[in-house]
Structure formats: structure tokens, C-alpha cells
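Peer 1: Structure incoming, see below.
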Amino acid sequence: TYSVDVATSDLLADNSVEVDVVSTDAAGNSVTSEGSRDISVDLEAESGTVTVNTIAGDDVINASESGAETIAVSGTATGGDI
């Protein structure tokens, strides 16, 4: 297992990551192992859908409800990058 912090600017500048690992056994023998991974950078957000549920049970704020400190507004947000 290995972990290396890479500057974000380096990852943004290249579409692949190449890794060389040099390991040495107890007898002093060394070997280099290589690996790579292509990456993509997503710089644009995809819009989703926002739905507002019925407010105050009937979408009408009556005299009694208008005196409340708050009225709950709820709904869902789905799709895209939400």
C-alpha cells in the first residue's frame, strides 16, 4: 500500500497518473514496478430537478397559519450533480 499527496495543479495539467515504485527485499535486490491510471476532470455541473411539496397542506396560507413563526417548505432535489 502506498499513498502520495499530489498537487491538484499537476493532476489538472495531465490526463493520466503514472506511478513507479522501487522496492528492495531483505537481500538488497531492487525492482521497479510501474502502474498508471487515466483521469478526467469534470469542471461543469449538470443541473438536476427540484420539486417543492405542497405548502401548508393546500398551498394556501390562511389567517391562522400566517401568525406562525415559521411554515415548513420541503421537497426533493434529484438528478444531475445534486
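The values are calculated or read from the model by the stated rules, or taken from the named source; none is laboratory data. Quick caveat, the model's predicted, so the values are computed rather than measured. All Cβ positions, glycine included, derive from the backbone under ideal geometry; neighbour counts span all protein chains shown.
Peer 1: So which pairs qualify, if the first residue must be in segment 31-52 and more than 25 Å from L12 (Cα to Cα), the second must be among the charged types (D, E, K, R) and part of a strand (DSSP E or B), the Cβ gap must be under 7 Å, and the two must be at least 6 apart or on different chains?
Peer 2: From segment 31-52, the pairs are T32/D20.
Peer 1: For segment 57-79, what are the residues that are more than 34 Å from the chain's Cα centre (by Cα) and in a loop (DSSP other than H, G, I, E, B)?
Peer 2: Residues satisfying the conditions are G57, D58, D59, V60, I61, N62, G67, A68, E69.
Peer 1: Oh, and also: Can you tell me how many residues within segment 1-16 are within 19 Å of the chain's Cα centre (by Cα), touching a residue at least 12 places away in the same chain (Cβ under 8 Å) and either assigned by TED's automatic domain parsing to the domain that holds S74 or not in a loop (DSSP other than H, G, I, E, B) (or both)? Lay out the reasoning, then the answer.
Peer 2: Taking segment 1-16 first, the residues within 19 Å of the chain's Cα centre (by Cα) are 5-9, 11-12, 15.
If we keep only those that are touching a residue at least 12 places away in the same chain (Cβ under 8 Å) as well, we get 11-12, 15.
If we keep only those that are either assigned by TED's automatic domain parsing to the domain that holds S74 or not in a loop (DSSP other than H, G, I, E, B) (or both) as well, we get 11-12.
Selection size over segment 1-16: 2.
Peer 1: Take V19 and tell me if it is surrounded by 10 or more Cβ atoms within 10 Å (Cβ to Cβ) and either assigned to a strand (DSSP E or B) or touching a residue at least 60 places away in the same chain (Cβ under 8 Å) (or both). So that I can check it myself, show each step before the final result.
Peer 2: Values: surrounded by 10 or more Cβ atoms within 10 Å (Cβ to Cβ): yes; either assigned to a strand (DSSP E or B) or touching a residue at least 60 places away in the same chain (Cβ under 8 Å) (or both): yes.
Yes.
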